[in-house]
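Novice: Can you read through this structure? Questions will come right after.
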Amino acid sequence: MRTTEEAEGFDGEASNTSMISGASSPYQPTTEPVLSRNVLGAIRCDTEYLKSYFGILKMVEVVLSLIGFICIETIMMCSPCGGVYFFEFVSCSAVVVTGVLLLIFSLNLHTKVPHVNWSLTDLVNTAASTFFFFLASLVLACINHNTGAEIAAVIFGFLVTGVYGINTFLAVRRWRRGNGCQGAPQTSEYMRARTASRGEMEARPELA
C-alpha cells in the first residue's frame, strides 16, 4: 500500500513539475503558427476597391498604357527618334508605377504602412502621368512618320491621358475631403478644451 501511495505521489509531483516548466517556458509551440496565420490572413484581395471608381480607372490606365507601350515597341526604324523614346519611357513608367499602386490598394498592403499619405501619393502619380502622357502624345503626334504603330500609340496616349485626368480630378476631391476630416476632430478637441478651461475658471474665480 505504501509503495502505491509513493508512486502516486511521485506521479503527481512529476505532472505538477511538467505543468510549471511548460507554463514558464518562453518557447510555446503555438506561437509561430498563430503569427503566420495572422500575417497571411491580413493579405487579401479587396474586390470592393476593384469595383470602385478608383479601381476601375487604375485597371483601365494600366491596360491603355500597356497597349500604347506595345504599339511604340513595334516601331523598328525612326528618324528622329526623340518622340518615340519619350513616349516609350512615359508609357513604361506609367505601367510600372500605376500597376504597383493597383496591387498595393487591391491587396490592402497600404494599411501596413499607415504613416504614408497614400491619397497624396496617388494624386501625385495621376497628375504627373496626366501631364507627361499628354506631352509625350503631343510630341509624337507632331514628330512621326505616319506609320500605323505611331498613329495607334498617339491615339492610345490621348485616351489614357483623359483617363488619368478623370482620376486626378477624383483624387483631388478625395484628398481635400480627407484633409477636411482630419482637421475637424482637431478643431473640435481644441474648442472642447477651451470650453472646459473656461468653465473651470468660472467655477473657481480665485484662479483668475
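Novice: Using 0.36 nm times the number of residues separating Lys112 and Val97, minus their current alpha carbon distance, what extension gain do you get?
Specialist: Values: separation 15, 0.36 × 15 = 5.40 nm, distance 1.88 nm.
Result for the pair: 3.5 nm of gain on full extension.
Novice: Taking K and R as +1 and D and E as -1, what net charge do the other residues with C-beta under 10 Å from the C-beta of Thr126 add up to? If you can, show how the numbers build up before the last one.
Specialist: Numbers: positive: Lys58; negative: Glu61, Asp122.
Every neighbour counted, the sum reads -1.
Novice: I've got another one for you. When ligands, DNA and RNA are left out and all protein chains stay put, how many square angstrom of accessible area per residue does region 70-117 have with a 1.4 Å probe?
Specialist: Details: 2740 Å² over 48 residues.
On a per-residue basis, region 70-117 sits at 57 Å².
Novice: Once the piece of chain linking Val124 and Arg173 is laid out straight, how much longer is it, given 0.36 nm per residue of separation minus the C-alpha distance between them? Let's see the in-between values first.
Specialist: On the way: separation 49, 0.36 × 49 = 17.64 nm, distance 1.31 nm.
Gain on extension, Val124 to Arg173, equals 16.3 nm.
The values are calculated or read from the model by the stated rules, or taken from the named source; none is laboratory data. Because the structure is predicted, anything quoted here is derived from the model rather than measured. Positions of Cβ are backbone-derived with ideal geometry, glycine not excepted, and every protein chain shown enters the neighbour counts. Each accessible area value is taken on the protein alone, full model and side chains, heavy atoms only, with ligands, DNA and RNA left out. Shrake-Rupley method; radii C 1.70, N 1.55, O 1.52, S 1.80 Å.
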